[in-house]
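Engineer: Have a look at this one before I ask anything.
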Amino acid sequence: MKTVAFVPIKLANERLPGKNIKAFTNGNPLITYILDSLLCSSGIDEFYVYCSDESIQEYIPDGIRFLKRDSYYDLSTTSFNEVLVSFAKQVDADIYVLTHATAPFISPFSINMGVQKVKSGRFDSALAVSRFQEFLWQGGRPFNYDMDRIPRTQDLPPLYMETCGLYVYTRELIIEKQRRVGNTPYLIEVSKIEACDINEPIDFLIADAIFQARMKGFL
């Protein structure tokens, strides 16, 4: 059962230009962290960076292949599923592991867990999620609690939010249904640190603070 991991990269980002290669303070370019986690994972046969700009190759370590994609997949009007289908059509595999440079703290343990669950055949996909237990409102009223009987937050029914940092799915799912999450997914519950996802400038500042705390042994 061939398993391929890939990191789709767009260098011309709109909200945070150049975020995928932006370096942490006294650290390395962002992309290097998820690539290191992938290389430390098990059960993956090939690793790719999928990018239209060949200059990304200077950031790719040994063991990671570069695959050039059409610049069409960099357009804001292009759906992300089109990117995933395009990669699957270029690189044949039974299982795909999708990760992002903007999720630098995803661990090899979480990646391994997702791969193992999908390989078991019990699940058609796996995705990283963050447990969410907070007081929520919708339409001007509480969504998940009774105002007359306010529970402790830890007693609220847990909700799970996709972190967008890690997905594992089968070829059949992405080619035939053009989906990265199937009907029988496994939820990989990750820590708040692993759930960190960088889109806006403030996200990078938070991630950089986490990185500095880790470097100093605080986390």
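Engineer: How about the stretch 132-219: which GluC sites (Glu not before Pro) there lie in a loop by DSSP and see at most 11 other Cβ atoms within 10 Å?
Structural biologist: Details: sites: E134, E162, E172, E176, E189, E194; in loops: E134, E194.
The qualifying sites are E134.
Engineer: Given a cut-off of under 8 Å on Cα pairs at least six residues apart, what relative contact order in percent is computed for the stretch 1-50?
Structural biologist: 53 percent
Engineer: Considering Cα pairs under 8 angstrom that are at least six residues apart, work out the relative contact order of the chain and quote it in whole percent. Let's see the in-between values first.
Structural biologist: Values: 399 pairs, mean separation 51.3, N = 219.
Answer for the chain is 23 percent.
Engineer: Additional query: I'd like the orientation of helix 80-90 relative to the chain: the angle between its Cα long axis and the longest Cα principal axis, in ° from 0 to 90, rounded to 10.
Structural biologist: Compared with the principal axis, the helix lies near 40 degrees.
Engineer: Can you tell me the FRET efficiency between K68 and D36 if r is taken as the Cβ-Cβ distance and R0 is 25 Å, rounded to the nearest 0.05?
Structural biologist: Working: r = 22 Å, r/R0 = 0.90.
Approximately 0.65, to the nearest 0.05.
Engineer: Which residue, N28, A213, S52, has the largest displacement toward the positive end of the dipole of the chain when charges sit on each Cβ (Lys, Arg +1; Asp, Glu -1)?
Structural biologist: Among N28, A213, S52, the one farthest towards the positive end of the dipole of the chain is A213.
Engineer: To continue, here is another question. Computing the accessible area with a 1.4 Å probe over protein heavy atoms, can you report the carbon and sulfur percentage for the stretch 67-219? It would help to have the intermediate numbers written out before the result.
Structural biologist: Details: 4430 of 8480 Å².
About 52 percent, which is the carbon plus sulfur part of the accessible surface.
Engineer: Which aspartates and glutamates, if any, have their Cα less than 18 Å from the Cα of K192, not counting same-chain residues under 8 positions apart?
Structural biologist: Correct list for K192: E134, E162, E200, D203, D208.
Engineer: Still on this structure: Taking +1 at the Cβ of each Lys and Arg and -1 at the Cβ of each Asp and Glu, which of L136, V115, A88 sits farthest along the dipole of the stretch 1-156 towards its positive end, judged by Cα position relative to the Cα centre?
Structural biologist: L136
Engineer: Hey, another quick one. Please identify every one of the chymotrypsin sites (Phe, Trp or Tyr not before Pro) in the stretch 127-219 that sits in a loop by DSSP and has no more than 11 other beta carbons within 10 Å of its own beta carbon. Working shown, then result.
Structural biologist: On the way: sites: F132, F135, W137, F143, Y145, Y160, Y167, Y169, Y186, F204, F211, F218; in loops: F135, F143, Y145, F218.
Those that pass, being in a loop and sparsely packed, are F143, F218.
Engineer: Where in the stretch 78-134 are there trypsin sites (Lys or Arg not before Pro) that are in a DSSP coil and have at most 14 other Cβ atoms within 10 angstrom of their Cβ? Don't skip to the end; give the middle numbers.
Structural biologist: Values: sites: K89, K117, K119, R122, R131; in loops: R122.
Counting only loop positions with at most 14 other Cβ atoms within 10 Å, the trypsin sites (Lys or Arg not before Pro) in the stretch 78-134 are R122.
Engineer: With the calculation restricted to Cα positions, what are the radius of gyration and Dmax of the stretch 1-131 in angstrom?
Structural biologist: According to the Cα coordinates of the stretch 1-131, Rg and Dmax are 14.5, 43 Å.
Engineer: Taking amide hydrogens as modeled 1.01 Å from N in the peptide plane, which residues meet the under 5 Å criterion relative to F66, leaving out close sequence neighbours?
Structural biologist: Sorted by chain and number, the residues that satisfy this are V49.
Engineer: With a 1.4 Å probe and every protein chain left in place, work out the accessible area per residue of the stretch 1-103 in Å², rounded to a whole number. All intermediate terms of the calculation are to be shown ahead of the outcome.
Structural biologist: Details: 4600 Å² over 103 residues.
Ligands and nucleic acids excluded, the result is 45 Å² per residue.
Engineer: What is the magnitude of the charge dipole of the chain about its Cα centre, with +1 placed on the Cβ of each Lys and Arg, -1 on the Cβ of each Asp and Glu, and no other charges, expressed in debye to the nearest 20?
Structural biologist: Details: 23 positive and 27 negative charges, 69 e Å.
Value, rounded to 20: 340 debye.
Engineer: Per residue of the stretch 100-115, in order, report the coupling 6.51 cos²θ - 1.76 cosθ + 1.60 (Karplus, θ = phi - 60°) as ³J(HN,Hα) in whole Hz, putting x for Gly and Pro.
Structural biologist: For the stretch 100-115, the Karplus-derived couplings read 9, 4, 7, 10, x, 9, 4, 9, x, 4, 5, 4, 4, 4, x, 5 Hz, x marking Gly and Pro.
The values are calculated or read from the model by the stated rules, or taken from the named source; none is laboratory data. All figures in this text were calculated on a predicted structure; none of them were measured in a lab. So basically every Cβ, Gly included, is an ideal-geometry build from the backbone, and we count neighbours across all protein chains shown. Side chains included, ligands, DNA and RNA excluded: accessible areas come from the protein's heavy atoms. Shrake-Rupley method; radii C 1.70, N 1.55, O 1.52, S 1.80 Å.
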